[in-house]
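J.: Here you go, one structure.
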Amino acid sequence: MSSIDKTRELILNSALELFIEKGYHETSTNDIRIRANNLSRGGLYHYFPRKEDILNALPEYLLPYKASLDNLMENTDLTAMEKIRLLLKENYKGVMSTSKGVMFLKLLSGSESLNFLFDNLKSSIVPLYEQLIRMGNEDGSMNITEPEYTAEFLAILLNIWFNPLFLKTVGTEEEIDGRINFLENTTNFLGLSLFDEEIRELCKSLWLTLSEIEN
């Protein structure tokens, strides 16, 4: 890793820690540069002119699957349904692969981060889901009459409704399984046969991992 990459990583890690400890709004760029081994102001601004730029860079840094997204979308050997299943699996695995991924979800679940979360859903997640749904309609792996609305609903289901940090609840194992069953039944009703045994297990693991933070 080059010194440039190491410095950028140091800034992102330092910012994430501070956003969790103090909150996004209470964290200043000065706090971040001091935490980042007392980096100079010019050094910080070289990478991130604004605090918002740091927050916007965190998803791609913390969720490695994003780096391979273009290759996935261009893969002609997979149907769109297979692509969206693989995307979900890589997303869940990526979040749970490091403590930083889980910390980032905790950050997004805080009240002061809601605007960022909804902006990210609207600008990134929903368009991606809609693109995959339209591709699925074209390749025959899906048959969905309202791709835009379905993409919006799916984004809310997976990123907000299925998150114990938002709901402030943990639930018994039976309740978690019931929630996963509801997700599967609802997506099937929408025409998205997303769930297989691996996705069910990953959903459960993610819920339990996030529940530990809530406790």
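The values are calculated or read from the model by the stated rules, or taken from the named source; none is laboratory data. Not measured: the values here are computed from a predicted model. Positions of Cβ are backbone-derived with ideal geometry, glycine not excepted, and every protein chain shown enters the neighbour counts. Calculation scope for accessible area: heavy atoms of the full protein, side chains included, ligands and nucleic acids excluded. Shrake-Rupley method; radii C 1.70, N 1.55, O 1.52, S 1.80 Å.
J.: If packing is taken as the average number of other Cβ atoms within 10 Å across a peptide's residues, how do 12-22, 158-168, 115-125 rank, most packed first? Walk me through the numbers before you get to the answer.
T.: Details: 12-22: 18.9, 158-168: 17.0, 115-125: 14.9.
Order by mean packing, descending: 12-22, 158-168, 115-125.
J.: A follow-up question, please. Taking the highest mean first, how do the peptides 79-86, 43-50 order by number of other beta carbon atoms within 10 angstrom per residue? Mind dumping the intermediate values first?
T.: On the way: 79-86: 18.9, 43-50: 15.2.
Order by mean packing, descending: 79-86, 43-50.
J.: Residues with beta-carbon under 15 Å from that of Pro49, excluding Pro49: net charge, scoring Lys, Arg +1 and Asp, Glu -1?
T.: Working: positive: Arg8, Arg33, Arg41, Arg50, Lys51; negative: Glu52, Asp53.
Summing Lys and Arg as +1 and Asp and Glu as -1 gives +3.
J.: Helix 3-22 sits at what angle to the longest principal axis of the chain, using alpha carbons and giving 0 to 90 degrees rounded to 10?
T.: 80
J.: Counting heavy atoms of the protein chains only and a 1.4 Å probe, report the per residue accessible area for the stretch 69-135 as a whole number of Å².
T.: Roughly 50 Å² per residue, with all protein chains present.
J.: Note the angle between two axes, namely the Cα long axis of helix 126-139 and the longest principal axis of the Cα atoms of the chain, as a number of degrees from 0 to 90, rounded to the nearest 10.
T.: Around 30 degrees separate the two axes.
J.: In degrees from 0 to 90, rounded to the nearest 10, what is the angle of the helix 173-190 Cα long axis to the longest principal axis of the chain?
T.: 70
J.: Would you list the P(r) distribution for the chain, with all Cα-Cα distances sorted into 10 Å bins from 0 and each bin expressed as a whole %?
T.: 8, 31, 33, 20, 8, 1
J.: Next up: Give Lys122/Lys168; Lys51/Lys83; Lys22/Lys83; Lys89/Lys168; Lys83/Lys122 a once-over and call out the pairs whose C-alpha atoms are over 27 Å from each other. Display every interim value, and only then the final one.
T.: Numbers: Lys122/Lys168 24 Å; Lys51/Lys83 34 Å; Lys22/Lys83 38 Å; Lys89/Lys168 24 Å; Lys83/Lys122 20 Å.
Result: Lys51/Lys83; Lys22/Lys83 exceed 27 Å.
J.: Using a Förster radius of 22 Å, what is the FRET efficiency between Ser111 and Trp161 based on their Cβ-Cβ separation? Nearest 0.05, please. Please list the in-between numbers first.
T.: Working: r = 17 Å, r/R0 = 0.77.
Calculated value: 0.85.
J.: Could I ask something else about it? Can you list the HN-Hα couplings for the stretch 193-204, worked out from phi with the Karplus curve (6.51, -1.76, 1.60; θ = phi - 60°), rounded to whole Hz and with x for Gly and Pro?
T.: These are the phi-based 3J(HN,Hα) values: 7, 7, 7, 10, 4, 5, 5, 4, 5, 5, 4, 5 Hz.
J.: Please compute one quarter of the surface area of the Cα convex hull for the stretch 104-211 and express it in square nanometres.
T.: On the way: hull surface 27.5 nm².
Over all viewing directions, the stretch 104-211 projects a mean Cα-hull area of 6.9 nm².
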